[in-house]
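Have a look at the structure below before the remarks.
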Amino acid sequence: MTVFIEFLAKIAFWIYLACGVVMLFYLRATLLAWRERGTALHTAEKEAATSRAYHSVLAVGVLLLVVGAVALIVTLPPALRRLGGEELPESMLVTPPPALSPLPVTPTPTLERPTRPAGVVPTIPSFITPSPSPTQPPPASACPNPEARITSPGMGDKVEGRVEILGTADIEDFWYYKVEFAAGDSPSEWAYLEEGREAVSDGLLLVWDVSGLPAGSYTLRLTVVDRTGNYPQPCDLQVIIE
């Protein structure tokens, strides 16, 4: 708006001059129309002259309004000129409130599961190696705890190919379970098969592919660990691979 007012002020003289010339033309037309009206003999001629006079007077009024508007705009105080432009008077500026500093956000801790390199059998770190609870004597049954047992296959079953290992791993304060196997009925060393971080109740624990193992007797072991690092007596199950 400031730029427009400055431009208008530069050409204001020529606007006044043009409006003055046009007003003189319409004033002359008004005088001629009134003279014709006075000398006219017929009513139609008088009405036509009157109409031309009124139109000329109206045009003069419009030109006077244009001149007055230009004069008003170019004489506006500088403070009002800046209302629509780039700057405002300091008295009219509103100082925004200071920005509030963001509250510190504490990230929620998450339990990260370590990644397993391809071909490497995972092991439980030594500082969380579970130790069997010494308060219970070894039971006579292979799977004494109903919350940590293998239900299929059964004791002494013959298996081949891909075998679905079904059971339950859902003790109180569950952390994880792992399944191991070994050759023979009373092994001392175990090979890792799989682990699970979600509790299972009468469901699939894992699928065991025995197609690459020699025929014979093998023992499956299910160990279910709680978050204190302890676990009940593992579930040992003997199967025969054909």
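Testing the spin-label approximation: label points 7 Å from Cα along Cα→Cβ at Thr151 and Lys46. State their distance in nm.
According to this spin-label approximation, the distance is 11.9 nm.
Find out how many positive minus negative residues lie around Gly184, taking Lys and Arg as positive, Asp and Glu as negative, among other residues whose Cβ is under 15 Å from that of Gly184. It would help to have the intermediate numbers written out before the result.
Details: positive: Arg221; negative: Glu180, Asp185, Glu189, Asp236.
Neighbour charge sum, excluding Gly184 itself: -3.
Could you sort 229-240, 56-67, 180-191 so that the peptide with the highest average Cβ count within 10 Å comes first and the rest follow in order?
Values: 229-240: 19.2, 56-67: 15.1, 180-191: 12.9.
Answer by packing, highest mean first, reads 229-240, 56-67, 180-191.
Sorted from fewest to most neighbouring beta carbons within 10 Å, what does the list Leu72, Leu222 look like? If you can, show how the numbers build up before the last one.
Numbers: Leu72 9, Leu222 25.
In increasing order of surrounding Cβ atoms, one gets Leu72, Leu222.
Please work out the ratio of the alpha-carbon Rg of the stretch 142-241 to 2.2 N^0.38 Å and round it to two decimals.
Values: Rg = 12.7 Å, N = 100, 2.2 N^0.38 = 12.7 Å.
Cα Rg divided by the expected 2.2 N^0.38 Å: 1.01.
Counting Lys +1, Arg +1, Asp -1, Glu -1, what net charge surrounds Thr151 among other residues with beta carbon under 13 Å of its beta carbon? Each step should come with its number before you reach the end.
On the way: positive: Arg149; negative: Glu147, Asp157, Glu164, Asp170, Asp202.
Around Thr151, the surrounding residues sum to -4.
May I ask you to derive the FRET efficiency for Thr75 and Phe25 from their Cβ-Cβ distance with R0 = 35 Å, giving the value to the nearest 0.05?
Working: r = 27 Å, r/R0 = 0.77.
About 0.80, to the nearest 0.05.
Rank these for me by crowding, Lys10, Lys46, Lys178, going from fewest to most other beta carbons within 10 Å.
Ranking Lys10, Lys46, Lys178 by Cβ neighbours within 10 Å, fewest first, gives Lys10, Lys46, Lys178.
We did not get these values from a lab; they are worked out from the coordinates using the rules stated. In this text the structure is predicted, and so the values were computed from the model without any measurement. Glycine also receives a Cβ, built like all others from the backbone with ideal geometry; neighbour counts cover every protein chain displayed.
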